[in-house]
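Visitor: Have a look at the structure that comes next, please.
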Amino acid sequence: MTQTEKIFKDVFRGDRLIRMIFSAKRRKSCPYRKVTVRPVKLNDHPAFQAEYTVGNQVIHENLLPGEAEKKAMQLLREDFKQINLFTLSEDIQILAAKPDRPRIVTKPATKGMPSLSHNREKKRVIPEGVPCDFLIRLGVMDEKGEVVQRHYSKYRQINRYLEIVEEVYSCLPQDRTLRIIDFGCGKAYLTFALYYYLKVLKGRNVHITGLDLKKDVIAFCSKVAEDLGYDQLQFLLGDIADYSGDCADMVVTLHACDTATDYALINAVNWNSRVILSVPCCQHELFSQIKNDIHQPMLKYGILKDRLTEYLTDGLRGLKLEAAGYDVAMIEFTSLEHTARNIMIKAVKAENPNPARAEKSQRQYETLRDFYHVNPSIEHLRRL
């Protein structure tokens, strides 16, 4: 065991760590500007919260002691050259330009132990410690309302999703039953969460449809909805591209693969849906189409070409939605630690669409499309 590993083992397995700060990036491609780790209590058990600074954003991750120890070593070896540890007994500075030969400096302790409260984060829409029927049924919570540790990232994702829904709730019709469609619902954690939020917490009349291609998933979700008495929530077997059901006030897609996202957006616009929340996935369509003499030296690298086409695909989708009269934002949905597919397209129908603005977005869309010589499926989305 190296000296650094011994330090990490002592501070993460003991109770004397106050704060740990990782700085001085080892490589330019490191996504974090800095990382701070502090002790917290999770369900009355010792844990640690890592705070990742990415640009101007801050992302949090809760870790058990063993996980924190491994994460610290990973950050030291791959991402950062300097660590400052503040403990109850001493301050420790690790200077590791060479990870295997660090210089370690110790000084008398300069800080006291802060509160271990985990409630620095804003209040959850679905709080811990309060039993929630669908989370219990899906195994995220136990009967007492405590979050199962291995599903904590899913619990955070659900709450983050509902926070976004809260932001757009006032844009939905308030005087009638809400109709919502979740395209590609999968195991439907977020579909159940949406129903719970609107029906139970908000007391609204809703009719929510979850659509997916997998028979076993639809059968499972339908049984859960029946068991919970969620009688205005239905799950149907079907393809987004072929769906011809009723109009919807809100259209949701979470990781609908490739052009399935486009078909969902096109349906939403055709229905004049008030709100669209879409987290795209696997944007492969433009990979074989993209062609640009200026960028060709970069496009020869497959991984760079793949990432560029992802951003291009979503950028074109956003402009097309703006051209159709929507106010569009691209936001972070979940932590990068949870999934790399973490961009959400949030589109809200403008109350008074501006034709000049829509026309400008359409021109920008066409310029970008032609610059890269692509013909995306979103092309079929109608204009304002």
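The values are calculated or read from the model by the stated rules, or taken from the named source; none is laboratory data. Every value quoted in this text rests on a predicted model; they were computed, and no experiment measured them. Because the Cβ atoms are built from the backbone with ideal geometry, glycine has one as well, and the counts that use them run over all protein chains shown. Surface areas here come from the heavy atoms of the whole protein model, side chains and all, with no ligands, DNA or RNA. Shrake-Rupley method; radii C 1.70, N 1.55, O 1.52, S 1.80 Å.
Visitor: Hey, any hits in region 225-246 for a residue that's of a type in the set (Phe, Trp, Tyr) and not in a loop (DSSP other than H, G, I, E, B)? Full working, then the answer.
Guide: Taking region 225-246 first, the residues of a type in the set (Phe, Trp, Tyr) are 230, 235, 243.
Those left that are additionally not in a loop (DSSP other than H, G, I, E, B): 235.
Yes, region 225-246 has at least one match.
Residues checked against (1) open to solvent by 10 Å² or more (accessible area, probe 1.4 Å); (2) modelled with pLDDT under 95; (3) of a type in the set (A, V, I, L, M, F, W, C):
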site	(1), (2), (3)
Ile266	yes, yes, yes
Arg274	yes, no, no
Cys282	yes, yes, yes
Ser288	yes, yes, no
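Visitor: Additional query: Residue under question is Ile94, and the condition is that it be at pLDDT 90 or above and within 23 Å of Leu228 (Cα to Cα); does it hold? It would help to see each step written out before you state the result.
Guide: Values: at pLDDT 90 or above: yes; within 23 Å of Leu228 (Cα to Cα): no.
Here the answer is no, as Ile94 does not meet what is asked.
Visitor: Inspect region 321-336 for any residue being acidic (Asp, Glu), over 30 Å from His60 (Cβ atoms), open to solvent by 70 Å² or more (accessible area, probe 1.4 Å) and part of a helix (DSSP H, G or I) and give the result as yes or no.
Guide: Taking every residue of region 321-336 in turn, none turns out to be acidic (Asp, Glu), over 30 Å from His60 (Cβ atoms), open to solvent by 70 Å² or more (accessible area, probe 1.4 Å) and part of a helix (DSSP H, G or I).
Visitor: Still on this structure: Determine whether Tyr195 is surrounded by 16 or more Cβ atoms within 10 Å (Cβ to Cβ) and under 12 Å from Val125 (Cα atoms). Lay out the reasoning, then the answer.
Guide: Values: surrounded by 16 or more Cβ atoms within 10 Å (Cβ to Cβ): yes; under 12 Å from Val125 (Cα atoms): no.
Criteria not met by Tyr195.
Visitor: May I pose another question? Show the residue pairs meeting these rules: Cβ distance below 8 Å; 6+ apart or different chains; first residue within region 225-246 and acidic (Asp, Glu); second residue open to solvent by 40 Å² or more (accessible area, probe 1.4 Å).
Guide: Asp227/Arg137; Asp239/Leu213; Asp246/Arg179
Visitor: Report whether or not Ile18 is farther than 14 Å from Ile94 by Cα and over 26 Å from the mean Cα position of the chain (by Cα). Walk me through how you get there before you give the answer.
Guide: Details: farther than 14 Å from Ile94 by Cα: yes; over 26 Å from the mean Cα position of the chain (by Cα): yes.
For Ile18, the condition - farther than 14 Å from Ile94 by Cα and over 26 Å from the mean Cα position of the chain (by Cα) - is met.
Visitor: Going by what's in this entry, would Asp249 be described as acidic (Asp, Glu) and at pLDDT below 95? Explain how you work it out, then say what you get.
Guide: Numbers: acidic (Asp, Glu): yes; at pLDDT below 95: no.
Spelling it out, it is not the case that Asp249 is acidic (Asp, Glu) and at pLDDT below 95.
Visitor: Then there is this: Can you report the number of residues in region 161-179 which are assigned to a loop (DSSP other than H, G, I, E, B) and open to solvent by 90 Å² or more (accessible area, probe 1.4 Å)? Don't jump to the end; show me each part of the working.
Guide: Looking only at region 161-179, we keep the residues that are assigned to a loop (DSSP other than H, G, I, E, B), and these are 172-177.
So of that shortlist, the ones also open to solvent by 90 Å² or more (accessible area, probe 1.4 Å) come out as 174-176.
Residues flagged as assigned to a loop (DSSP other than H, G, I, E, B) and open to solvent by 90 Å² or more (accessible area, probe 1.4 Å) within region 161-179 amount to 3.
Visitor: Quick one: how many residues across region 92-110 are assigned to a strand (DSSP E or B) and either over 26 Å from Cys30 (Cα atoms) or among the small types (Gly, Ala, Ser) (or both)? It would help to see each step written out before you state the result.
Guide: Step one: filter region 92-110 for residues assigned to a strand (DSSP E or B), giving 92-95, 103-108.
Retained after the next criterion (residues that are either over 26 Å from Cys30 (Cα atoms) or among the small types (Gly, Ala, Ser) (or both)): 106-108.
Summing the residues that are assigned to a strand (DSSP E or B) and either over 26 Å from Cys30 (Cα atoms) or among the small types (Gly, Ala, Ser) (or both) in region 92-110 gives 3.
Visitor: In region 123-140, which residues are open to solvent by less than 50 Å² (accessible area, probe 1.4 Å), within 20 Å of the chain's Cα centre (by Cα) and under 16 Å from Asn43 (Cα atoms)?
Guide: Of all residues in region 123-140, those open to solvent by less than 50 Å² (accessible area, probe 1.4 Å) come to 124-127, 129, 132, 134-136, 138-140.
Checking which are within 20 Å of the chain's Cα centre (by Cα) leaves us with 124-127, 135, 138, 140.
Passing the criteria: Arg124, Ile126, Pro127, Val140.
Visitor: Let me ask you something else. Mind listing just one residue for me: the one in region 72-91 that is under 20 Å from Pro31 (Cα atoms) and either assigned to a loop (DSSP other than H, G, I, E, B) or without any contact (Cβ under 8 Å) to a residue 24 or more places away in the chain (or both) and, of those, least open to solvent (accessible area, probe 1.4 Å)?
Guide: Among those residues, the one meeting the criterion is Asp79.
Visitor: Another question, if that's okay. Tell me, which residue of region 198-212 that is part of a loop (DSSP other than H, G, I, E, B) and touching a helix residue (DSSP H, G or I) at 6+ places or on another chain (Cβ under 9 Å) is surrounded by the fewest Cβ atoms within 10 Å (Cβ to Cβ)?
Guide: The initial filter retains those residues of region 198-212 that are part of a loop (DSSP other than H, G, I, E, B), namely 202-205.
When the remaining residues are screened for being touching a helix residue (DSSP H, G or I) at 6+ places or on another chain (Cβ under 9 Å), the result is 202, 204-205.
Details: Lys202: 14, Arg204: 18, Asn205: 10.
My answer is Asn205.
Visitor: I want to confirm something. Restricting to region 148-205 and keeping residues that are without any contact (Cβ under 8 Å) to a residue 60 or more places away in the chain and of a type in the set (A, V, I, L, M, F, W, C), which single residue is nearest to Gly238 (Cα to Cα)?
Guide: Restricting to residues being without any contact (Cβ under 8 Å) to a residue 60 or more places away in the chain and of a type in the set (A, V, I, L, M, F, W, C), the top hit is Ala188.
Visitor: Continuing with the same structure: Residues in region 346-365: is at least one in contact with a helix residue (DSSP H, G or I) (Cβ under 8 Å, 6 or more places away or on another chain) and closer than 30 Å to Cys30 by Cβ?
Guide: So the first thing to find is which residues in region 346-365 are in contact with a helix residue (DSSP H, G or I) (Cβ under 8 Å, 6 or more places away or on another chain), and the list is 346-349, 357-359, 361-362, 364-365.
Next, from what is left, pick out any that are closer than 30 Å to Cys30 by Cβ: 346.
Yes, some residue in region 346-365 is in contact with a helix residue (DSSP H, G or I) (Cβ under 8 Å, 6 or more places away or on another chain) and closer than 30 Å to Cys30 by Cβ.
Per-residue answers, yes or no, for (1) assigned to a loop (DSSP other than H, G, I, E, B); (2) open to solvent by 70 Å² or more (accessible area, probe 1.4 Å); (3) without any contact (Cβ under 8 Å) to a residue 60 or more places away in the chain; (4) at positive phi:
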site: Tyr311; (1), (2), (3), (4): no, yes, yes, no
site: Leu319; (1), (2), (3), (4): no, no, yes, no
site: Pro353; (1), (2), (3), (4): yes, no, yes, no
site: Arg357; (1), (2), (3), (4): no, yes, yes, no
site: Ser361; (1), (2), (3), (4): no, no, yes, no
